[in-house]
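Some notes on the structure that comes next.
The values are calculated or read from the model by the stated rules, or taken from the named source; none is laboratory data. Worth saying up front: this structure is predicted, and the values here are computed from it rather than measured. For neighbour counting, all protein chains shown are included, and Cβ atoms are generated from backbone atoms with ideal geometry for every residue, glycine included. These area figures cover heavy atoms from the full protein model, side chains too; ligands, DNA and RNA do not enter into them. Shrake-Rupley method; radii C 1.70, N 1.55, O 1.52, S 1.80 Å.
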Amino acid sequence: MIYEPPTTGSHSLESSSPAFYLPPKIPPEPSMRLCVSVFLFSCLSLIYIVPCSAQSSGSTTTVKLWQDGIPGSDLKEDGDTPELIIHQVVSDQPTAGVVILPGGGYGHHAIGHEGHAFAEWFDSMGISSAICTYRMRGKGNEGQGYGHPAPMIDAQRAIQTLRSRAQELNLDPNRIGVIGFSAGGHLASTVATQFAQVDPNATDPVLRVSSRPDFCILCYPVIALGKPFTHQGSQKNLLGADAGADLVESLSNETRVSEQTPPTFLFHTAADKAVPVQNSLVYYEACVAHGVDVEMHLFNDGRHGLGLAASTPGASQWADLCQQWLIRHAMTTAN
């Protein structure tokens, strides 16, 4: 639901206090002009602040992704314990939820413009979200960082966590999606094509539910590995410099698309030099070939890592197009 500022009454000069009425033929002293100016500025400031403070609804909590420790690891330093930053919206009815996977080449998290900014964007549509600080090569693991499969199992568990806590978080467990950017887009396409095994008898309730997202949004994603247009930095951080051909092919995600791949929205620019647009093109073609509901929007101009792209002509349309796509897929009613 899009926020509508409350009606607070008229703020016209006609409704100002009579104490600030100035006789028409007697110019005010400079000090009086300053006083009036300060008063009017204060009023305008209050008019602006009230709607902004009213927007800060819902709650934000940060939880460890692996509550009882990560299987096979007892490390607890920076980078070893991924988290979920959960933004829960206020709603009378269960809402959709989305896991946000920031980019960063599997070497860092671009958590500002590809994390928190999108939590606010989803909040404006009445969709709860959770930013996942998945493990990666950049830190942790006693300085070695983490490669595959650590990022994948973290992202899978993030989806399972939202689904398993649906009642507590006022979520619809059948409307849990994922969004990823750049290398985070590779990770999002990985969990959209490769699913964790479900164990209905597991003592951990997270493992009893599916990791398959109900929708997937890919923004200038890394998709293909081992190709001329592969983002080599992401591949090296994820798989190492000497990964075997079979492993590389297994994570070139256009080859993993199937009829089980969820509805997908793609956004990319032709001018992207870091992650060429061919990545989105091959994924789109694979979705079409397997009958997956897919929509793609390509724009000529715009560098890599645009985020919401608010100041980029042409590409700035993508967020509105994505919102309309979410409406058509019954993930939000905000328009």
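Among the lysines, which fall within straight-line cross-link reach of residue 76, defined as a Cα-Cα distance under 16 Å, with same-chain neighbours fewer than 8 residues apart omitted?
Cα-Cα hits under 16 Å: 64, 139.
Could you work out how far the C-alpha centroid of region 64-94 sits from that of region 275-335, in angstrom?
Centre-to-centre distance over Cα atoms comes out at 28 Å.
Taking the Cβ of residue 325 as the center, what net charge do the other residues with Cβ under 12 Å away carry, scoring Lys and Arg +1 and Asp and Glu -1? Walk me through the intermediate numbers first.
On the way: positive: 328; negative: 293, 295, 320.
Result for the local shell: -2.
What does the charge count around residue 70 come to, taking other residues whose C-beta lies under 10 Å from its C-beta (Lys +1, Arg +1, Asp -1, Glu -1)?
Here the charged neighbours net out to 0.
Hey, got a sec? Which trypsin sites (Lys or Arg not before Pro) in region 208-290 land in a DSSP loop and have at most 12 other Cβ atoms within 10 Å?
Counting only loop positions with at most 12 other Cβ atoms within 10 Å, the trypsin sites (Lys or Arg not before Pro) in region 208-290 are 273.
Name the residues of region 181-210 whose amide N is less than 20 Å from a point 7 angstrom out from the Cα of residue 321 along the C-beta direction?
181-183, 185-186, 189
If R₀ is 25 angstrom, what is the calculated FRET efficiency for the pair residue 120 and residue 64, using the beta carbon separation as r and rounding to 0.05?
0.60
Determine the sum of side-chain charges near residue 255: Lys and Arg each +1, Asp and Glu each -1, restricted to other residues whose C-beta is under 15 angstrom from that of residue 255. Don't skip to the end; give the middle numbers.
On the way: positive: 227, 256; negative: 246, 249, 254, 259, 285.
Taking every other residue near residue 255 into account, the sum is -3.
Give me the accessible area of residue 246, 1.4 Å probe, in Å² rounded to the nearest 10.
Accessible area, nearest 10 Å²: 130 Å².
Just to confirm, what accessible area per residue do you get for region 132-287 at 1.4 Å probe, in whole Å²?
37
Carbon and sulfur atoms: what percent of the 1.4 Å accessible area of region 154-221 do they account for? Let's see the in-between values first.
On the way: 970 of 2140 Å².
Carbon-and-sulfur percentage of accessible area, whole number: 45.
Can you return the aspartates and glutamates within cross-link range of residue 273? Criterion is Cα-Cα under 16 Å, with same-chain partners fewer than 8 residues away left out.
301
Tell me, in nm to one decimal, what length is gained between residue 333 and residue 271 on full extension, where the rule is 0.36 nm per residue of separation less the Cα-Cα distance?
Numbers: separation 62, 0.36 × 62 = 22.32 nm, distance 3.29 nm.
My answer for the length gained is 19.0 nm.
Reported to two decimal places, what Rg/Rh ratio describes region 199-322 when computed on Cα atoms with Rh from the Kirkwood expression?
Reported Rg/Rh (Cα atoms, Kirkwood Rh): 1.03.
What is the distance, in nm, between label points placed 7 Å from the Cα along the Cα-to-Cβ direction at residue 113 and at residue 241?
3.1
Can you tell me how much longer the chain between residue 255 and residue 90 gets when fully stretched, taken as 0.36 nm per residue apart minus their C-alpha distance, in nm with one decimal?
Taking 0.36 nm per residue and subtracting the Cα distance, the gain is 55.5 nm.
Please sort 288-298, 157-167 by packing, taking for each peptide the average over its residues of neighbouring beta carbons within 10 angstrom, highest first.
My ranking of the peptides, most packed first, is 157-167, 288-298.
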